[in-house]
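Heads up, the thing below is written out as structure tokens.
Laboratory data are not the source of any read-out in this text; all were calculated from the coordinates shown. As the structure is a prediction and not an experimental result, all values here were calculated from the model. As a convention, Cβ positions derive from the backbone with ideal geometry for all residues, glycine included, and neighbour counts pool all protein chains shown.
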Amino acid sequence: MSSKEAVDSVLVVNDLSVEFAGARGTVKALDGVGFSLEKGQVLGVIGESGSGKSVTMRAILRILPTKTTKISGQITVDGEDVLAMNEKQLARYRGRVASMIFQEPALSLDPVFTIGHQIAEAVMRHTGASRENARRRALEMLEKVKIPSAESRLRNYPHEMSGGMLQRAMIALALSCDPKVLLADEPTTALDATVQIQIILLLRQLQLEMQMATVFVTHDVGVAAEIADQIAVMYGGRIVEYGAVRDVLMNPQHPYTKGLLASTIHGSMAGTRINTIPGMPPDLNNMPDGCAFAPRCGHAHADCHAVSPKLKPLGNGRQVACVLDHPSLVVQP
Amino acid sequence: MTFVPPASPDIAVTFQSTGYWTGVMQRLKRDPVSIACLIILTLITLSAVFAPLIAPNDPSVGKVMLRLKPIGTEGYLLGGDELGRDMLTRLLYGGRLSLIMGVVPVVLALLIGGTLGVTAGFTGGFVSVIIMRTTDVFFAFPSVLLAVAIAGALGSGLGNTLLALTVVLIPPLVRVSESATTQVRSLDFVEAARASGAGSFSIIRVHILGNIMGPVLVYAFSLLSVSIIMAAGLSFIGLGAKPPTPEWGLMLNSLRGAIYSQPLIAAMPGVMIFIVSLSFNLLSDGLRSAMDVK
Amino acid sequence: MNPVKEANRSNTPVLEVAGLSKKFRVPAAGIGQKPRVVHAVSDVSFRLAAGTTLGIVGESGCGKSTTARLIMGLIAPDAGDVLIRGDVMGRSAKGLKRLRRQVQMVFQDSSASLNPRLTIESSIIFGPVVHGVKQSEARARAHHLLDLVGLDPNLYAGRYPHELSGGQRQRVNIARALVLDPSIIIFDEAVSALDKSIEAQVLNLLIDLKSEFDLSYIFISHDLNVVQYISDDVLVMYLGEVIERGSTDLIYQGAGHPYTSALLASMPSPDPERRTLVAPVSGDPPNPIDLPTGCRFHPRCADVSEICSRLQPRMTQAGVSRSIACHMADRKSGHPKAGALGK
């Protein structure tokens, strides 16, 4: 990573590793994850259970449990070292510099306060604005996320709103203090199809408008295609493939990415058998030596089981964590 | 290019297969407080059961010369009571009655109240309304007063006291088992059981009971600590065991006069009640923690 | 041998649902307010042809899960019948027991649908034992099925649900559904909560089992891609009603009910070069408490006309194996675009 990139990038993650102390010993949830994002860029993170996608985001926002977690590496947001922040700095950082939206909006909104109150409170705390101005900002945010009859919605409680409305309210809350980085953890997974596409379009528009660097975690390749500029595919706590969305989706290089895309169900596959990746996602308590994907990989050989491959740059910002020495895995530019 | 997967089976899960209750027992064994309580309770129970064999004296024979003798008197290890009887012997024998009066009502209330609660929780509708509202009526009375009233009406004597205490303990157990049943009943696996064509009895026996036993047992244990105290309390005011039967509550009453001259001896039955009650309480906490882990 | 399956070759549908309706009463929100009614399912009818898969799609509040539970008899319908191979299934305890030997269900939440206190084996044999099968025979059947769904009985029969992954638990649920030898299995969002790669494996398994055991499936899902992949026919539901039905190919071709078109257009485009630019429909799926007059979709329909708020559209034939409940499909409806659909 050149120093010019480092200067332009709003979010830089470098060699991030996270370990959890569990009942059965330590679990390495993340192993050397690194990427950088510029202003206004969207990184789509695709992965399944245990891939570490959610842990990455929570590490960036520093909301992992403090006592049982060991974080190493570097996270720099807007020039500040996030891992070195104390509680006071973190309180200013969360919501103001970096903000997160979740899968279940009902769980992240306080049920005993109105939406308007919650947004206004966040604005007051972070920007020191007066109650008047904070209220005005709350209304402005609700209109920005296109909630119908925003004025009366200010006085609604979470339980009075439907799923799509709540998701919009949560987005309004997260964006109310103009964060530089937006972390989205599967925000559309629990939504109905017609609502999901509305939220995706809304996020795309807001992200562009507010020029936020966005990390968008999803398990749905289609959703990632709709919103991401860059894609990172994660497996077993590591990034196994990285590149521009068009490159990764149209021309996957890593065997896992290939398998994932080949087994993604399109209706056009009706009548044929789905080409599945055999086996199951890895058990983080019991990680195999060498490449995390080797046990399920059709091209694995002895070395793959012994040594974990590092991310190899393929030019044009493409990276793949695979030895790629099988004849069928010819690198295509 | 199609991705051709190699023929490999699912990776086997390498966990140990322990049953739920086995896991609970394991975790319980690792909790020092619970182990201590279990040991204490076991010792007290055993000493009560084997009282005739290990007691040094006769609990009903009092020697005038040894009235209110202090702890450490020769022959009377824990001193003499107000009628000159050996405190140690009376405490050992007293345990029998106190423990019976504490434990039996809870067991009976668990059986009766549990059945009522599960029926109410599972059936719902009119049956549930009848059972639960009747229970509410009993809840309107403070439990101690209710016990006193019933025992007073029936008269003293072991059977009546047990009856009074059982009646008082049934309502809370009905409530706990009804609420636990209602929660479990709406879970998917019960629906799946209904979908396989099972009748209510099979579903209750196989699916409901196993899943409500946890919270109900924890509650029953905590009721044991309350029951011991209430039983002793009833005897204290003369509605439980009759003199000269040794029983801790009764002994507390009869030793009231000695509280200034021999405070340690006067307090001893109270200490026993306290230890047993506290042990049951802490054990119920330990049980709850042991059951909390998934 | 299951007599229902023997008759698979005839024309009678293996399952028919006629006029199923269910309303739930919601207690009044406060003093002086009336209790409200949730019109969960309104006059739903369809047929399941033997050996086929019927996909049911729709969003929150459309009533697809309630319909499944009505068919299984887990909820008592207000009106309507369920017919298996032409015989109306009774609602008595005996009738329900008979019904549940023919129709089984796999639920969405794989862990909640297994009793955490029972071993896998015990969970599976519960059903047969209740129906009178001997324990030893039930156990043998359970082991055989575990093997068929890809779980080695020696490794898994004695385990507890929390020791298995989501995909493995769902296989157990499938084995449990099969152990009673039903003719029909209803999958209620059964693969929705699984990782994509596992979902693919389970779908392959379902297809294998269908031909092995001569089954008919009802596949409820919100994932339009999966439904298109696995179904022969599709039912689209909205606010408790069936608004379109037909063969999968025709439905996914488009030019159907406006809601169906919106639903199909809502699928995220997997091509990053051709992104969706406009949301096909705005607002959230409404809840079935305050139903609009006339056509239930008209408040959100781009082609709404005067007749739509006045009159409920009938199910109109719009192609050889397709019906649409929309005024635009009915040439005689008086809608300005009457007859425009289904071409």
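Per-structure values
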| quantity | calculated |
| --- | --- |
| Length released on extending from A:Met210 to A:Asn316, taking residue separation times 0.36 nm less the Cα-Cα span | 35.5 nm |
| Relative contact order [Cα under 8 Å, 6+ residues apart], the range C:265-322, whole percent | 24 percent |
| Residue of C:Leu235, C:Leu48, C:Leu203 that the Gaussian network model of chain C assigns the largest fluctuation, springs spanning Cα pairs under 10 Å | C:Leu203 |
| DSSP beta bridge pairing in the protein assembly as shown, given as percent antiparallel to the nearest 5 | 65 percent |
| Among A:172-181, A:141-150, the order from most to least packed when residues are scored by Cβ within 10 Å on average | A:172-181, A:141-150 |
| Positive-end extreme of charge dipole, the range C:1-143 - chosen from C:Thr66, C:Leu114, C:His39 (charges on Cβ) | C:Leu114 |
| Ranked list, fewest to most other Cβ atoms within 10 Å of each Cβ, for B:Leu46, A:Leu16 | B:Leu46, A:Leu16 |
| R0 of 60 Å, Cβ-Cβ distance C:Ala76-A:Leu83: FRET efficiency to nearest 0.05 | 0.55 |
| Length-normalised contact order for chain B - Cα pairs under 8 Å, 6+ apart - percent | 23 percent |
| Phi to ³J(HN,Hα) by Karplus 6.51 cos²θ - 1.76 cosθ + 1.60 over the range A:280-287, Hz, x for Gly, Pro | 10, x, x, 8, 5, 6, 9, 6 |
| Inter-part distance where the range A:217-245 and the range B:207-232 are each reduced to a Cα centre, Å | 52 Å |
| Amide hydrogen neighbours beyond the local backbone of A:Tyr235, cut-off 5 Å, H modeled | A:Val240 |
| R0 of 25 Å, Cβ-Cβ distance C:Ser309-A:Glu143: FRET efficiency to nearest 0.05 | 0.30 |
| Angle between chain A longest axis and helix A:131-144 axis [Cα atoms, degrees, rounded to 10] | 50 degrees |
| Inter-centroid distance (Cα atoms) of the range B:36-90 relative to the range B:144-202, Å | 37 Å |
| Residue of C:Gly80, C:Gly132, C:Gly32 that the Gaussian network model of chain C assigns the largest fluctuation, springs spanning Cα pairs under 10 Å | C:Gly32 |
| Part-to-part distance (alpha-carbon centres) for the range A:136-203 and the range C:179-226, which is given in Å | 34 Å |
| Neighbour-count order for C:Ser92, A:Ser99, C:Ser269, fewest beta carbons within 10 angstrom listed first | C:Ser92, C:Ser269, A:Ser99 |
| Length released on extending from C:Gln135 to C:Asp214, taking residue separation times 0.36 nm less the Cα-Cα span | 25.9 nm |
| Computed magnitude of the charge dipole of chain C (debye, nearest 20; Cβ of K, R +1, Cβ of D, E -1) | 1060 debye |
| Folded to 0 to 90 degrees: helix C:93-102 orientation relative to chain C principal axis, Cα | 90 degrees |
| Cβ-placed point charges (K, R +1; D, E -1), dipole of chain B about Cα centre in debye, nearest 20 | 240 debye |
| Fraction of beta bridges assigned by DSSP in chain A that are antiparallel (%, nearest 5) | 60 percent |
| Cβ-based exposure ranking for B:Phe221, B:Phe189, in which fewest neighbours within 10 Å come first | B:Phe221, B:Phe189 |
| Kyte-Doolittle mean at least 1.0 and Cα axial length at least 15 Å: DSSP H helices in chain B | B:32-49, B:87-123, B:125-139, B:143-154, B:209-236, B:263-292 |
| J(HN,Hα) series, the range A:203-215, from Karplus relation 6.51 cos²θ - 1.76 cosθ + 1.60, nearest Hz, glycine and proline x | 5, 4, 5, 5, 5, 5, 4, 8, 6, 8, 6, 10, 10 |
| Charge dipole magnitude, Cβ of K and R +1, D and E -1 - the range C:132-257, Cα centre, debye nearest 20 | 520 debye |
| Charge-dipole axis of the protein assembly as shown as Lys and Arg at +1 and Asp and Glu at -1 on Cβ define it, positive-most pick from C:Leu205, A:Ala213, C:Ala18 | C:Ala18 |
| Simple label model, 7 Å out from Cα along Cβ direction - B:Asp136 to B:Thr45, nm | 3.8 nm |
| Nearest-ten-degree value, helix A:163-175 long axis tilted from longest Cα axis of chain A | 80 degrees |
| The range B:58-195, relative contact order [Cα under 8 Å, separation at least 6], % | 24 percent |
| Whole-angstrom Cα spans of the protein assembly as shown along principal axes, big to small | 110, 74, 66 |
| Computed E for A:Ala91/C:Ser269 - FRET, C-beta separation, R0 41 angstrom, nearest 0.05 | 0.55 |
| Phi to ³J(HN,Hα) by Karplus 6.51 cos²θ - 1.76 cosθ + 1.60 over the range C:28-38, Hz, x for Gly, Pro | 4, 6, x, 5, x, 9, 7, x, 9, 10, 9 |
| Among A:Gln205, A:Gln167, A:Gln74, residue whose mean-square fluctuation peaks in a GNM of chain A (springs only between Cα atoms under 10 Å) | A:Gln205 |
| Spatially proximal lysines relative to A:Lys88 (Cα-Cα < 21 Å; intrachain offsets below 8 disregarded) | A:Lys67, A:Lys70, A:Lys180 |
| B:Leu158 versus C:Asn154: modelled label distance in nm, points set 7 Å from Cα along the beta carbon direction | 5.7 nm |
| Inter-site label distance for A:Lys70 and B:Asp58 at 7 Å from Cα along Cβ, in nm | 7.2 nm |
